[in-house]
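Asks: Would you mind keeping the following structure in view while I ask a few things?
The values are calculated or read from the model by the stated rules, or taken from the named source; none is laboratory data. Remember, predicted model here, so these are calculated numbers, not experimental data. Counting neighbours? That spans all protein chains shown, and the Cβs are built from the backbone with ideal geometry, glycine included. Accessible surface areas use protein heavy atoms only, side chains included; no ligands, DNA or RNA. Shrake-Rupley method; radii C 1.70, N 1.55, O 1.52, S 1.80 Å.
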Amino acid sequence: MYKYDQYDQAMVDARVAEFRDQVRRRLDGTLPEDKFRPLRLMNGLYLQLHAYMLRVAVPYGTLSSAQMRVLGDIADKYDRGYGHFTTRQNIQYNWIKLEDAPDILADLAKVEMHAIQTSGNCIRNISSDQYAGATADELIDPRPYAELLRQWSSFHPEFSYLPRKFKIAVIASATDRAAMRLHDIGIEIVRNEQGEIGAAFYVGGGMGRTPMIAPCINAFVPLDQLITYSEACLRVYNRYGRRDNKYKARIKILVHELGKDEYTRQVEAEFAHLLSQGIEPPLAELERIKVQFADPAFETGLPDSVDRSDPDFAVWVDRNTAAHRVPGYAIVTISLKPVGGIPGDATADQIRLMADLAKEYSFDELRVTHAQNIVLPHVRKADLYALWTKLDEAGLSTANLDTIGDIIACPGLDYCSLANARSIPVAQKISERFAGREAEIGELKLKISGCINACGHHHAGHIGILGVDRKGTENYQLLLGGSEGADTSLGQITGPGFDEDGIVGAIEKATEVYLANKQGEERFLDTYRRVGMAPFKEAIYG
Amino acid sequence: MVEVQLRFRDDDAVADPAVTVDAFGDQTNAAAVRIEPGDDARDLLPHLERIRLVEVNFPSFGDGRGYSAARILREAGYTGELRAVGDVAVDQLHAMRRCGFDAFAPEHPLDPAHTERAFATWPEVYQATTDDRTPIWKLRHG
Ligand code: SF4
């Protein structure tokens, strides 16, 4: 894992001091709210319906046990005993007092964490593949590149007041687990025909009210030009992105309106100019970072089999573990989607327990996934049963990864001031309705947003639900056929919306159509793609 | 005209009124120009030799186009005064300075104690720009 040196630490400490000063000026009235707002947003502090919400950055989703433990302590000390893991691999606290925020940032800084740029119209926390460094299907660990970009994008002097927020994902596996092409910039680390490592840039993806899949604008940027190329992409956006309408201000609109070719031409021209400016860190810096992501001390000669005599355990192993690249190890996903629970929520005790388990079983490391779960990346197969037993005792052994109960839901009307409808109660109802049918229905990614801003990624769900306001009452639209993996696609609306009970019934009908039409090993998405919308529509509205 | 509150230059301030970017190309003797957010700073590049003052207007602090305009001028070798005017607050000063601004004329005067702190906040910087600060990666690798 990356460790701060004195420079990184000094920057984060400086930020704490700066924010403490800003909060002091806000509280004594010298800094008016309209001026304070963008400053607090750049420190992850939102004003929600009932209280302040603080969003803490988890760069590329990677955490140490010590960091995770502090996240649990903060939930106890400053919140109501809960933390909420988000679709950006971050954690947020929903009940924060403004006066406490500087102290929380100071607590975080002690374990090399911060809330820098987790909101506001700036470059947000960089996300990545939650299986990075552990999965067999990756080219290389993408996190060193994400860390290089983290440093470049932190307090960037030119890009702190962009037209709109800006999200970057970095992956290095064709199995895209980070929804890379639905980001403002998606970077895939690739190998070219000469065998060299470089970066493919996908620019202009996003969800929100105008979902777009990012086109590739450059299939191979050499690693020693990564920062310069990123700077060129951002500068063109900062200069020409729309500022007249906040709904048209994301880079996807610029790329769409200019056209991919013209945007690319402008980026290449800016890039050619910037190459002469000496803004690229030397490759030695990337090497310095890479060393810190070296493999933990994996053992060799471990048994690769698992004793499956406990049937509940066997179900969990099949559902919630993934292949590790080292024999004898597995990647474990801890589901934060218990039946009837709030997706992504964990109690302070659960957070600390996961910290302890990571220390004991996973070389001190955890990951946050964009599907709002927690990963222990390096667990010996021989330890799986002991681990599962402890998770089970703490209510953390739900075996539903990537099934209909593993719902992504935004905070919705329960917390969010922009919401049209509640997301959480709908997620709870669906997970209760379908509990126990994980094996039968199989992989089915269901995503819920409480408004068109699409924080719950509803466009990218095999089944998506969008909360809308219909004449003052909450109404839910149903979408089918979205996906965020290597086969990214956007869901299509089935037709008129439903009330809360109606939407659950409509989903039930959709799963019936799937099960009736399923061929062989087809997933819900495969069947939908093969048979099309018509039979689903007929069953739902017929 | 709003007063220049902070200036990091030794030469005499330019007293000429600043003309718009559009008008500037035709006025062969103008030495001061004012960039609005929608203007292309690169239109000025053929004339850099005779420019002694560029004002970059920030009608609203949230519109960050002026930061790019400033860097583009400095990257092209402009050495005259680069003045941020308009909705400039203490919390933007550091980033503006890094982008090449060396004079500030905020529409609402800033508290000198706050401005001093604003420039002293950051011990180091992560990015290279045209200012004289050494980025952290260079400190690490020499
Ligand atoms: S999708 Fe809408 S309701 Fe949900 S968190 Fe985002 S803004 Fe709020």
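Asks: Can you pull out the buried accessible area for chains A and B, both sides counted, probe 1.4 Å, rounded to the nearest 100 Å²? Write down the numbers at each step before the final one.
Replies: Values: alone 20830 and 8230 Å², together 25490 Å².
Rounded to the nearest hundred, the buried surface is 3600 Å².
Asks: Taking the alpha-carbon centroid of each part, what is the distance from the stretch A:363-390 to the stretch A:203-231 in angstrom?
Replies: Cα centres, the stretch A:363-390 to the stretch A:203-231: 31 Å.
Asks: Amide H to amide H, which residues 5 or more places from A:A486 or on other chains are under 5 Å from it, using H placed in the peptide plane?
Replies: Excluding prolines and chain starts, which carry no amide H, the hits are A:D176.
Asks: Expressed in nm to one decimal, what extension gain is obtained for the pair A:E538 and A:E33 from 0.36 nm per residue of sequence separation less their Cα-Cα distance?
Replies: Length gained, A:E538 through A:E33: 176.6 nm.
Asks: When the label point is put 7 Å from the Cα of A:D73 along its Cα-to-beta-carbon vector, which residues of the stretch A:80-118 have a backbone N closer than 11 Å?
Replies: Residues A:107-111 fall inside that zone.
Asks: Divide by every residue of the protein assembly as shown the summed helix terms, -39500 (n - 2.57) for each DSSP H run of at least 4, and state the resulting mean residue ellipticity at 222 nm, rounded to the nearest 500 deg cm²/dmol. The partial results should precede the final answer.
Replies: Working: 22 runs with 232 residues, N = 684.
Taking each H run of at least 4 residues, the total per residue is -10000 deg cm²/dmol.
Asks: Right, another one. Calculate the spin-label point distance for B:E107 paired with A:R209, positioning each point 7 Å from the Cα along the beta-carbon direction, and give it in nanometres.
Replies: The two pseudo-label positions are separated by 2.7 nm.
Asks: Let me ask something else about it. Once Lys and Arg get +1 and Asp and Glu get -1 on their Cβ, which of A:P425, A:Q492, A:G481 lies farthest toward the positive end of the dipole of the stretch A:408-541?
Replies: A:Q492
Asks: Now, a different point. What distance in nm lies between label points placed 7 Å from Cα along the C-beta direction at A:K110 and A:E521?
Replies: Roughly 5.0 nm, to one decimal.
Asks: Given a Förster radius of 56 Å and the C-beta distance between A:V326 and A:N245 as r, what FRET efficiency does 1/(1 + (r/R0)^6) yield to the nearest 0.05? Write out the running numbers ahead of the final one.
Replies: Values: r = 50 Å, r/R0 = 0.90.
So the FRET efficiency works out to roughly 0.65.
Asks: A follow-up question, please. Suppose R0 equals 45 Å. What FRET efficiency, 1/(1 + (r/R0)^6) with r the Cβ-Cβ distance, do B:A76 and A:I493 give to the nearest 0.05? Display every interim value, and only then the final one.
Replies: On the way: r = 49 Å, r/R0 = 1.10.
Result of the calculation: an efficiency of 0.35.
Asks: Can you say what percent of the DSSP beta bridges in the stretch A:408-541, counting only those with both residues inside, are antiparallel? Round to 5.
Replies: Working: 12 of 18 bridges.
If we restrict to bridges inside the stretch A:408-541, about 65 percent are antiparallel.
Asks: Shifting gears a bit: How many percent of the accessible area of the stretch A:6-109 is carbon or sulfur, using a 1.4 Å probe? Walk me through the numbers on the way to the answer.
Replies: Numbers: 1890 of 3610 Å².
Ligands and nucleic acids excluded, carbon and sulfur give 52 percent.
Asks: Could you state the accessible area per residue of the protein assembly as shown in Å², with a 1.4 Å probe and every protein chain left in place? Working shown, then result.
Replies: Details: 25490 Å² over 684 residues.
The answer is 37 Å² per residue.
Asks: Using θ = phi - 60° and the Karplus relation 6.51 cos²θ - 1.76 cosθ + 1.60, list the HN-Hα couplings for the stretch B:106-114 in order, rounded to whole Hz, with x at every Gly or Pro.
Replies: x, 5, 10, x, 9, 6, x, 5, 5
Asks: Put simply, what bits of the stretch B:122-142 lose 20 Å² or more of accessible area when the other protein chains are there, versus the chain on its own (1.4 Å probe)?
Replies: B:W122, B:P123, B:E124, B:Y126, B:Q127, B:A128, B:I136, B:W137, B:L139, B:R140, B:H141
Asks: What whole-number distance in Å separates the alpha-carbon centres of the stretch A:306-321 and the stretch A:65-125?
Replies: The stretch A:306-321 and the stretch A:65-125 have Cα centres spaced 34 Å from each other.
Asks: Put +1 on the Cβ of each Lys and Arg and -1 on the Cβ of each Asp and Glu in chain A; which of A:I463, A:L71, A:M53 then has its Cα farthest toward the positive end of the dipole?
Replies: A:M53
Asks: Multiply the residue gap between A:D501 and A:D356 by 0.36 nm, knock off their C-alpha separation, and tell me the result in nm, one decimal place. Numbers along the way, then the final one.
Replies: Values: separation 145, 0.36 × 145 = 52.20 nm, distance 4.00 nm.
Separation in residues times 0.36 nm, less the Cα-Cα distance, equals 48.2 nm.
Asks: Got a number for the accessible area of A:Y541? Probe 1.4 Å, square angstrom, nearest 10.
Replies: Its accessible surface works out to 80 Å², give or take rounding.
Asks: Here's something else I'd like to know. How many percent of the accessible area of the stretch A:311-393 is carbon or sulfur, using a 1.4 Å probe? Before the final figure, lay out each step's value.
Replies: Numbers: 1400 of 2670 Å².
Within the stretch A:311-393, the accessible surface is 52 percent carbon and sulfur.
Asks: Can you give the charge dipole size of the protein assembly as shown about its Cα centre, rounded to the nearest 20 debye, using +1 on the beta carbon of Lys and Arg and -1 on the beta carbon of Asp and Glu? Walk me through the numbers on the way to the answer.
Replies: Working: 78 positive and 99 negative charges, 189 e Å.
The calculated dipole for the protein assembly as shown is roughly 900 debye.
Asks: Please compute the average number of Cβ atoms from other chains found within 10 Å of each residue's Cβ in peptide B:32-38. Spell out each step's value before the answer.
Replies: Values: counts 0, 0, 0, 0, 0, 2, 3.
The mean count of partner-chain Cβ atoms within 10 Å per residue comes to 1.
Asks: Then there is this: May I ask which of A:K35/A:K110; A:K167/A:K447; A:K167/A:K390; A:K390/A:K509; A:K429/A:K471 have a Cα-Cα span longer than 31 Å here? Intermediate values should be presented prior to the final figure.
Replies: Numbers: A:K35/A:K110 28 Å; A:K167/A:K447 19 Å; A:K167/A:K390 36 Å; A:K390/A:K509 37 Å; A:K429/A:K471 24 Å.
Beyond 31 Å: A:K167/A:K390; A:K390/A:K509.
Asks: Please give the length that would be gained between B:F8 and B:D26 if that part of the chain were fully extended, namely 0.36 nm times their separation in residues minus their C-alpha to C-alpha distance (nm, one decimal).
Replies: Working: separation 18, 0.36 × 18 = 6.48 nm, distance 3.00 nm.
Gain in length upon complete extension: 3.5 nm.
Asks: Next question, about the same structure. Considering only DSSP beta bridges with both partners in the protein assembly as shown, what is the antiparallel share in %, to the nearest 5?
Replies: Antiparallel: roughly 65 percent of the beta bridges in the protein assembly as shown.
Asks: Is the protein assembly as shown rounded, prolate or oblate when judged by the Cα gyration tensor, a ≥ b ≥ c being the square roots of its eigenvalues, rounded requiring a/c under 1.5 and prolate requiring a/b larger than b/c? Provide the component values of the computation, followed by the final result.
Replies: Values: a/c = 1.80, a/b = 1.64, b/c = 1.10.
The shape class here is prolate.
Asks: Further question: At a 1.4 Å probe, what is the % contribution of carbon and sulfur to the accessible area of the stretch A:492-542?
Replies: With neighbouring chains kept in place, the figure for the stretch A:492-542 is 49 percent.
Asks: Can you list, by residue number, the Cys in the protein assembly as shown that have no neighbouring cysteine C-beta under 4.7 Å?
Replies: By the Cβ distance rule, which asks for a partner under 4.7 Å, the isolated cysteines are A:C122, A:C216, A:C233, A:C416, A:C451, B:C99.
Asks: A follow-up question, please. Name the residues of the stretch B:104-125 whose amide N is less than 19 Å from a point 7 angstrom out from the Cα of A:A17 along the C-beta direction?
Replies: B:112-125, by backbone N distance to the label point.
Asks: Over 18 Å between Cα atoms, which of A:K337/A:K445; A:K77/A:K97; A:K252/A:K445 qualify?
Replies: Details: A:K337/A:K445 13 Å; A:K77/A:K97 11 Å; A:K252/A:K445 24 Å.
Checking Cα-Cα distances, A:K252/A:K445 exceed 18 Å.
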